[in-house]
Amino acid sequence: MKLLIINGPNLNMLGLREPDIYGKESYSALCSFCTDVCNGEGIECKLFQSNHEGAIVDEIQAAYAVFDGIVINPAAYTHTSVAILDALKSVAIPTAEVHLSDVNSREEFRRHSYVSMVAKKTICGKGFEGYREAILFLKDYLNP
Ligand code: DQA
């Protein structure tokens, strides 16, 4: 099984960025965490981070017929990007959405997610553990 793990804008700033909300661990620590979870489960994974909406769309399109599942934290694009929603619909790859913070208990504008319209599961407010939950969810979903 092959999973693509996508992180959107400003997640490369983890550790520095609003640590009270997003924690003190870095993006490279998040990558190690996800890689370790996938290795432990016998899952092949690719990690991709971009601050650019079009680059994320390109990566999703390139995943067609290559990856079995997608874990995505679209970050701020969660709340704005019809293009990312449409890309996920286009490739029809089972997707799990993750947010480090609990977006439902923050500002009103964070409560709406375009990606939730296509995601098989959305996990919020569990920090890095949310990525583990998303990976394990997709493993079960793809191999029932
Ligand atoms: C986020 C929540 C988003 O609202 C925010 O724009 C992010 C990160 C999260 O992981 O909690 O950049 O997706």
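The values are calculated or read from the model by the stated rules, or taken from the named source; none is laboratory data. Only a predicted model underlies this, so the values are computations on that prediction, with no experimental measurement involved. Virtual Cβ from ideal backbone geometry, glycine too; neighbours counted across all protein chains shown. Protein only, heavy atoms only, side chains kept; ligands, DNA and RNA dropped before computing areas. Shrake-Rupley method; radii C 1.70, N 1.55, O 1.52, S 1.80 Å.
For the list (1) at pLDDT 95 or above; (2) farther than 16 Å from Cys38 by Cα, I need the number of the one condition that Pro144 fails.
(1)
For the range 54-78, name all the residues that are out of contact with any helix residue (DSSP H, G or I) (no Cβ under 6 Å at 6 or more places or on another chain), open to solvent by 10 Å² or more (accessible area, probe 1.4 Å) and closer than 21 Å to Cys124 by Cα.
Of everything in the range 54-78, just one residue is out of contact with any helix residue (DSSP H, G or I) (no Cβ under 6 Å at 6 or more places or on another chain), open to solvent by 10 Å² or more (accessible area, probe 1.4 Å) and closer than 21 Å to Cys124 by Cα, namely Ala76.
Which numbered condition in (1) buried (at least 23 other Cβ atoms within 10 Å of the Cβ); (2) away from the ligand (no atom under 16 Å from the Cβ) is the only one that Thr35 fails?
(1)
Show the residue pairs that are 6+ apart or on different chains and have beta-carbon atoms under 9 Å apart, the first residue being within the range 1-18 and within 21 Å of Tyr141 (Cα to Cα) and open to solvent by 10 Å² or more (accessible area, probe 1.4 Å), the second being of a type in the set (Asp, Glu) and more than 9 Å from the ligand (Cβ to nearest atom).
Once the first residue is within 21 Å of Tyr141 (Cα to Cα) and open to solvent by 10 Å² or more (accessible area, probe 1.4 Å) and sits in the range 1-18, its partners that are of a type in the set (Asp, Glu) and more than 9 Å from the ligand (Cβ to nearest atom) give Met1/Glu41; Met1/Glu44; Met1/Asp68; Lys2/Glu44; Lys2/Asp68.
Tell me which residues, restricted to the range 19-32, are under 20 Å from Glu59 (Cα atoms) and surrounded by fewer than 15 Cβ atoms within 10 Å (Cβ to Cβ).
Ser28
Report the residue count in the range 102-144 for those that are outside any helix (DSSP H, G or I) and touching a Lys or Arg at 6+ places or on another chain (Cβ under 8 Å).
Adding up the residues that qualify gives 1.
Which of the residues spanning the range 86-115 are within 12 Å of the ligand (Cβ to nearest atom) and among the polar types (S, T, N, Q)?
Selection gives Ser101, Asn104, Ser105, Ser113.
So that you can scan it fast, the table gives a plain yes or no per residue for (1) open to solvent by 60 Å² or more (accessible area, probe 1.4 Å); (2) more than 11 Å from the chain's Cα centre (by Cα); (3) not β-branched (Val, Ile, Thr):
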site	(1), (2), (3)
Ser113	no, yes, yes
Val118	no, yes, no
Lys126	yes, yes, yes
Leu138	no, yes, yes
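Could you please let me know if Asn51 is assigned to a loop (DSSP other than H, G, I, E, B) and within 13 Å of the ligand (Cβ to nearest atom)?
yes
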